[in-house]
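Working notes for the structure below.
The values are calculated or read from the model by the stated rules, or taken from the named source; none is laboratory data. Computed from a predicted structure; not experimentally measured. Backbone-built Cβ (ideal geometry, glycine too); neighbour counts: all protein chains shown. Areas reflect the complete protein model, heavy atoms only, side chains present, ligands, DNA and RNA absent. Shrake-Rupley method; radii C 1.70, N 1.55, O 1.52, S 1.80 Å.
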Amino acid sequence: MKKIIIAIDGYSSSGKSTMARELARRIGYIYVDSGAMYRAVTLFAIRNGMAADGKVDRDALVKHLDEVNVSFAPADADGMQHTLLNGIDVENEIRDMAVSSLVSPVAEIGEVRERLTRLQQELGSEKGIVMDGRDIGTAVFPDAEMKVFVDASPEERARRRLLEMEHKGLDVSYEEVLANIRERDHIDSTRKIAPLRKAPDAHVLNNDKMTPAQQMDWLLSLYHVVSNE
Ligand code: CDP
């Protein structure tokens, strides 16, 4: 079987990351969460007073972009990969609502996208990688052999995200989560550079009514077809 690139794009909280990580584990591929990279840059901006109250100081962030180093620590025992900002583990902090509410404006900045896209392309240079995000099949790896576009209703996505956050002991309401999902969907799909779009050759996975096991069967069958072509 040849090594390929698997691009999984889709709306916020559609379960992309969980399925991409599990798929990578099953087939022995590297998994990269590109959203975590945008989240890490956002955390940098917040910590350095360049983002607050829903606004990002674009010029200041672009000026200091060279000081932002995003990398990943190898997966730990439960297969979780940790995101590092300038060498420090920020995996928990980047999942906060404060970061979620500022990440889409940060991800609209061309210079931020250029820098992270380059890094993502380097990570995939040897193939054998599963990467999830918004523009992986369209902008980062337009030639990826396998592309999946994940969709589910905003309400179902908010319900799942809320459960995940409650599980972590975070105090948020369903309304707050749903509003954030709708806002990010809007910014992500209407921005000028690399908007969230289904690539013409992507396979659509609507997982509203699918169990995780059904989803994995669907992905593995597609992978076996594509990697044997
Ligand atoms: O966890 P969730 O699915 O809600 O989002 P994420 O994958 O962590 O991505 C967070 C945000 O980063 C998105 O809402 C986008 O604004 C941005 N992003 C992007 O612009 N391009 C990517 N390839 C990945 C994420």
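Of note:
- Taken one residue at a time, the phi angles of region 19-34 give Karplus couplings (6.51, -1.76, 1.60, θ = phi - 60°) of 6, 5, 5, 5, 4, 4, 4, 5, 9, x, 9, 7, 10, 10, 9, 5 Hz. Gly and Pro are set to x.
- Estimated D of the chain in µm² per second, where Rh is the Kirkwood radius over Cα pairs and Stokes-Einstein applies at 10 °C, 1.306 mPa s: 89
- Solvent-accessible area of Phe44 with every protein chain in place, 1.4 Å probe, in Å² to the nearest 10: 20
- Net length gained if the chain between Glu229 and Asp143 were fully extended (0.36 nm per residue, minus Cα distance): 29.5 nm
- Whole-percent carbon and sulfur share, accessible surface of region 26-77, 1.4 Å: 48
- Accessible solvent surface per residue of the chain, calculated while the other protein chains remain in place, 1.4 angstrom probe, Å²: 49
- The 3J(HN,Hα) values that the Karplus relation (6.51, -1.76, 1.60; θ = phi - 60°) gives for region 191-197 are, in residue order, 5, 6, 9, 6, x, 5, 8 Hz. Gly and Pro appear as x.
- Computing FRET efficiency as 1/(1 + (r/R0)^6) for His64 and Glu114, where r is the C-beta to C-beta distance and R0 is 25 Å, gives about 0.95.
- Amide H contacts under 5 Å for Ile4, placed H, 5+ residues apart: Gly128, Ile129
- Under 5 Å between amide hydrogens, built in the peptide plane, is the criterion, and for Arg191 it picks out Leu196 among residues at least 5 positions away or on other chains.
- Global geometry of region 47-142, whether rounded, prolate or oblate, following the gyration tensor of its Cα atoms and the 1.5 cut on a/c: oblate
- Using θ = phi - 60° and Karplus 6.51 cos²θ - 1.76 cosθ + 1.60, couplings along region 126-133 (whole Hz; Gly, Pro as x): 9, 6, x, 9, 10, 10, 10, x
- Inter-label distance for Ser125 and Ala179, nm, one decimal - labels placed 7 Å from Cα along Cα-to-Cβ: 4.5
- Packing-based ranking, highest mean first, of 168-175, 100-107 given that Cβ atoms within 10 Å are counted: 100-107, 168-175
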